[in-house]
1. Return the total of residues in region 329-353 being part of a helix (DSSP H, G or I) and open to solvent by 60 Å² or more (accessible area, probe 1.4 Å).
2. Filter region 370-409 for residues that are farther than 22 Å from Leu36 by Cα and of a type in the set (Phe, Trp, Tyr); which is modelled with the lowest pLDDT?
3. Mind listing whichever residues of region 98-107 are in a helix (DSSP H, G or I) and open to solvent by less than 90 Å² (accessible area, probe 1.4 Å)?
4. Among the residues in region 13-22, are any within 25 Å of Leu117 (Cβ to Cβ), open to solvent by less than 20 Å² (accessible area, probe 1.4 Å) and out of contact with any Lys or Arg (no Cβ under 8 Å at 6 or more places or on another chain)?
5. Any chance you could count how many residues in region 61-84 are under 17 Å from Gln396 (Cβ atoms) and in contact with a Phe, Trp or Tyr (Cβ under 6 Å, 6 or more places away or on another chain)?
6. Checking the conditions here, which among Leu110, Leu76 is closer than 15 Å to Phe150 by Cβ, crowded, with 19+ Cβ neighbours inside 10 Å and either at pLDDT below 95 or within 21 Å of the chain's Cα centre (by Cα) (or both)?
7. Can Ala59 be described as touching a residue at least 60 places away in the same chain (Cβ under 8 Å) and touching a Ser or Thr at 6+ places or on another chain (Cβ under 8 Å)?
8. Of all residues in region 357-413, count the ones that are open to solvent by less than 10 Å² (accessible area, probe 1.4 Å) and over 30 Å from Leu81 (Cβ atoms).
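The values are calculated or read from the model by the stated rules, or taken from the named source; none is laboratory data. Please read these numbers as outputs of a predicted model, since none were measured by experiment. Here Cβ is always computed from backbone atoms with ideal geometry, including for glycine, and neighbour counts include all displayed protein chains. SASA here: full protein model, heavy atoms, side chains in, ligands and nucleic acids out. Shrake-Rupley method; radii C 1.70, N 1.55, O 1.52, S 1.80 Å.
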Amino acid sequence: MPPVDPSTLSGIPAPLWFIQAFRIIGFVLHSIPMHLWLAGLPIVLLLYMIGGRNGSICAKRLFKQFPIIMALGINLGVVPLLFIQSVWYKAFYPSTILLAVHWLSILFLLIIAYYGLYYCSFQSENPKKRWTILAGLGTSLCLLAIALIFSSVYTFMALPSAWGTVYEKTSLSGAVSGMGTYWRDPILYVRLGGIIGLGFITFAFWVAFDALVLNQTEEEEEPAEVEQSEKKGSGSSASSAPLASKMSKKEKKKLRKMQDLTEEEELAELEAMEREENEAAAKTSKKSAPKKRRGYQAWAFTLASCLGWIGVLIASAALWYQYYQFLPMDDPGLAFLNQSPWKYLPMAVLGSLALPILVLTLGSWRMLSKKIFAAGIILSEFTILGLFASTRQIIQNGQLSGYLDINTFGIAVEWSPLIVFLVVFAVAICLIWKMIRQMANA
């Protein structure tokens, strides 16, 4: 495709740094709920089927949260899409028009997935699990198809050289049919693998956050035998009457003759003997009693740690292949990735994947308070996704630089819509925070 002449374009409505920053912020905010339903729903279904007591608690809690999470993800997805169309429209519109049929199919898949999530949420308490599981599987497949389509479209968007080939294969009498597809490039599957790996990390964070912060009760129980023995031991020193009734007169007389004790000394000795017997009985009862049932929080942290490790392994492998194996470094637009300091940016993304392991490990050892743990989760999540989104944006700008160099655009700031956007965005963030607090109260 011939390059776009920037002089033919109208000035962009805001500073370029502002548009790129909010595209990254919007992508990060959209990615968090997107990861939760993409990677989290199959895990929740597995816990719902074979997770045992704690797995069932986790699945039912998350089933009830998923409709709200889905609503947040859909609405937050508007933000990056809005800023893509304000600057990169010369690349976004041609690619989505050529792939129009399966790009628009996202709407139908999303409607089906939305209804499926609501069905799972309302039927999670139903003892008949079959239809809930089938609805969840169908929803998960729809969401996976949506993720694959997004990966295909955004990969295709950054490759103007491939547009002509797709157009020639799918055009009808010179008209664009919209029946084009772009499934052959292996990088889109590696890209999807990176998203799924990051999704595991996000879901691990959410499971731990839900168990420690949103969950207001800790369901740990002591065995009844232990409680009774402890009560018996604590009340034994109140009086020596039970011991006197247990010992016969012959035993008392024998004890008095052997030790030649006075009545007061005898009473004190008998009380000491009784305490020793009760302590020994309590220890024996504790050893023979069944172990204490594991609490939900401890179980949730174990699950979160396992999911975090799985996510780190998948994401690190996929992102390494994406950055160092599949990117066309011979492309003049990507030559900067071999120069300092840009060559360290992919390494920073991979290095940030150590944060979830650190935060989840310290949280599982109860070395962090609730507030510090919640802050650690938020900081780690935004660091990982922010670096990932920034790197993806920089690479896409480099791939498009030969066709559409955004750095040469003119700027014509439109203050009225800009101020309205900032106000609405601030209100939306406050509403999201209120919704999360409402989930905690519920």
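1. Initial filter on region 329-353 (part of a helix (DSSP H, G or I)): 332-338, 342-351.
Narrowing further to those that are open to solvent by 60 Å² or more (accessible area, probe 1.4 Å): 332, 338, 342-344, 347.
Final tally of qualifying residues: 6.
2. Taking the candidates together, the pick is Phe409.
3. Restricting attention to region 98-107, the residues satisfying the condition of being in a helix (DSSP H, G or I) are 98, 100-107.
Hits for region 98-107 are Leu98, Ala100, Val101, His102, Trp103, Ser105, Ile106.
4. Residues of region 13-22 that are within 25 Å of Leu117 (Cβ to Cβ), as a first pass: none.
No: region 13-22 contains no residue that is within 25 Å of Leu117 (Cβ to Cβ), open to solvent by less than 20 Å² (accessible area, probe 1.4 Å) and out of contact with any Lys or Arg (no Cβ under 8 Å at 6 or more places or on another chain).
5. The number of residues fulfilling the criteria is 3.
6. Leu76
7. Yes, satisfied.
8. 3
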